[in-house]
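The values are calculated or read from the model by the stated rules, or taken from the named source; none is laboratory data. What you are looking at is a predicted structure, and each value in this text was computed from that prediction instead of being measured. Every residue, glycine among them, receives a Cβ derived from its backbone with ideal geometry; neighbour counts consider all protein chains shown.
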Amino acid sequence: MQISKHLTLEECTRSATADKLGIVNNNPNQSVIDNMKLLAEKVFEPIREHFKAPIHVSSVYRGLNLNQAIKGSITSQHCSGQAMDIDMDSKGKPTNKEVFDYIRKNLEFDQLINEFDCSWIHVSYVKGKNRKQVLKAKKVNGRTTYETIK
């Protein structure tokens, strides 16, 4: 099933952790699929079009069992199909930093997170409720903390 022109449901639900733990993560409901389609339309496809290159998503949908297994936030937007993690650094161009800067300057979004010096990027989109919140994640005493980027 296509989520958008360049993104499939299989890409949005794949998870090495789910595979390793035997967790089924390929059955989002229609509301989640609709959210993924909107996220792809408003964020993923504009990035791909701008850079004229395939964009690697490392995580989109996480079912509740997978989210618990990875100790994700109980309010994670991944569970509703409203967030994606992008990791381009092993793929060549564009870099994670370039994608982060492009999203920040050009796209509508709810949250944009520079995860650990652009090791990957988290971006979310919520129809009609986007906060344009830009954060930086880092480890402090073994815990992940977030600071607002102005």
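For segment 27-49, state whether one or more residues are among the small types (G, A, S), in contact with a His (Cβ under 9 Å, 6 or more places away or on another chain) and under 23 Å from S73 (Cα atoms). Within segment 27-49, one or more residues are among the small types (G, A, S), in contact with a His (Cβ under 9 Å, 6 or more places away or on another chain) and under 23 Å from S73 (Cα atoms). Residues that are small (G, A, S), touching a residue at least 40 places away in the same chain (Cβ under 8 Å) and not in a helix (DSSP H, G or I) occur at least once in segment 5-21.
Quick check on R14: is it among the basic types (K, R) and over 20 Å from E108 (Cα atoms)? Against the criterion (among the basic types (K, R) and over 20 Å from E108 (Cα atoms)), R14 qualifies.
Name the residue that is modelled with the lowest pLDDT, counting only residues in segment 9-24 that are aliphatic (A, V, I, L, M) and under 16 Å from the mean Cα position of the chain (by Cα). Reasoning before the result, please.
Step one: list which residues in segment 9-24 are aliphatic (A, V, I, L, M), which gives 9, 16, 18, 21, 23-24.
Right, trim to under 16 Å from the mean Cα position of the chain (by Cα) and you get 9, 16.
On the way: L9: 97, A16: 91.
My answer is A16.
The numbered conditions (1) within 17 Å of T13 (Cα to Cα); (2) modelled with pLDDT of 95 or more are all true for G72 except (2).
If the condition is being closer than 13 Å to A83 by Cα and touching a Lys or Arg at 6+ places or on another chain (Cβ under 6 Å), then segment 121-150 contributes only Y125.
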